[in-house]
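The values are calculated or read from the model by the stated rules, or taken from the named source; none is laboratory data. Note that the coordinates shown come from a computational prediction; the quantities given were computed from them, not determined experimentally. Cβ atoms come from the backbone with ideal geometry, glycine included; neighbour counts cover every protein chain shown.
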Amino acid sequence: MREYSPLRELVLTRIRSFVREPEALFWTFVFPILMAIGLGVAFREKPADRAAVGVQRGTVAERYLAALQASPELKVTVLDAAAAERALRKGDVAVLLAGGDRLTYRFDPARDESRAARLLADDAVQRGAGAARPVATADDRHRVPGGRYIDWVIPGLIGLNLLSTGMWGIGFGLVQMRNKKQLKRLVSTPMRKRDFLLAQLVARLAFLVLEVPPIVIFAWLAFGVTMQGSWLAFTGLVILGAMTFAGLGLLCASRARTIEGISGILNVVMLPMFVLSGVFFSSSRYPAAIQPIVRALPLTALNDAFRAVYNDGAGVGTYLPQVLILLAWMLMSFAAALKAFRWQ
């Protein structure tokens, strides 16, 4: 009889068990490659972005419009007073040129891009005027609420948390019930499938009090991140986002029978949103060709709506398209889960 080394057999056993775990293979080999691809596309080498400069209509700044437009380093937009204020607050322009008797640069000194844009704009103005006639200027430095990176990233973290807890919580819970034969027992009760699935969505809302307020309170106490818009609108978006991702979790768990199976399904569904939906950096970094796909993702829609309310104080008309996207995902995923769901 041939003798086998215990060490050799134990090593082979461990290797075989690892290979048979699809989720381990995914996170070890596939996930790093996909992340590298996504980040490589987002931060690909491209020509330097031009600084966004606003010129307020009806002010002395219009005199220097030709000199500003002649600079290849500037992207110049002429705006009326209301639009100029809104663009500066949202960060659509890094610096705003206005003023009555004297040219005034309005910008947020806390933003690096604003300070750089102010210098580039002034260089273009002074070169246009000539060394013999320097232009007298003034700075209007004011802090723009919601303009820091931490202000921008907190809404994305809230959206990411709703995605993760909604899909993992619903998906794992249903698969565990299926494994323990609890779902099979429920078939004998006077209960409709629709009521059971809807109960999973409604029950998901009970946990929101433990998920969202701690992040909001910590961001306020630790970093001074404050709500610029309506708390009622923000609460409505939280509920809508939670229901949407719970619906996706129901759909993912409709047929899955094992923990390994539901892990793989959830990873495939969630990974594109982790990378593409603008949690830690703007989704606008991705090429224009894939922007329709990026914008159609539910996490992208939720993050954009959150930031419109949280950072910009926008009204519902601004983020209504994102609300409609979330509603469509929620209704379609619940309808598909209702059709596909199996008790065992």
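Per-structure values
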item: Selected residue (only one of Gly278, Gly249, Gly264 is crowded, with 19+ Cβ neighbours inside 10 Å, touching a residue at least 60 places away in the same chain (Cβ under 8 Å), in a helix (DSSP H, G or I) and in contact with a helix residue (DSSP H, G or I) (Cβ under 9 Å, 6 or more places away or on another chain)); result: Gly249
item: Conditions (1) at pLDDT 70 or above; (2) within 33 Å of the chain's Cα centre (by Cα); (3) more than 19 Å from Gln126 (Cβ to Cβ): number failed by Phe31; result: (1)
item: Among (1) closer than 25 Å to Ile170 by Cβ; (2) modelled with pLDDT of 90 or more; (3) surrounded by 17 or more Cβ atoms within 10 Å (Cβ to Cβ), the one test that Val225 misses; result: (1)
item: Filtered residues of the stretch 284-302 (kept if among the hydroxyl-bearing types (Ser, Thr, Tyr) and in contact (Cβ under 8 Å) with a residue 40 or more places away in the chain); result: Tyr286
item: Qualifying positions in the stretch 136-165 - at pLDDT below 90, touching a Lys or Arg at 6+ places or on another chain (Cβ under 7 Å) and either within 17 Å of Ala301 (Cβ to Cβ) or among the aromatic types (Phe, Trp, Tyr) (or both); result: Trp152
item: Within the stretch 199-212, tally of residues that are in contact (Cβ under 8 Å) with a residue 12 or more places away in the chain and part of a helix (DSSP H, G or I); result: 7
item: Complete set of residues in the stretch 4-15 that are modelled with pLDDT of 70 or more and either surrounded by fewer than 10 Cβ atoms within 10 Å (Cβ to Cβ) or assigned by TED's automatic domain parsing to the domain that holds Ile262 (or both); result: Ser5, Pro6, Leu7, Arg8
item: Hits in the stretch 169-198 - residues which are among the polar types (S, T, N, Q) and part of a helix (DSSP H, G or I); result: Gln176, Asn179, Gln182
item: Condition check for Val216: surrounded by fewer than 21 Cβ atoms within 10 Å (Cβ to Cβ), at pLDDT below 85 and aliphatic (A, V, I, L, M); result: no
item: When residues of the stretch 116-146 are limited to those that are within 30 Å of Ala233 (Cα to Cα) and free of Cβ contacts under 8 Å to residues at least 60 places away in the same chain, the one surrounded by the fewest Cβ atoms within 10 Å (Cβ to Cβ); result: Arg143
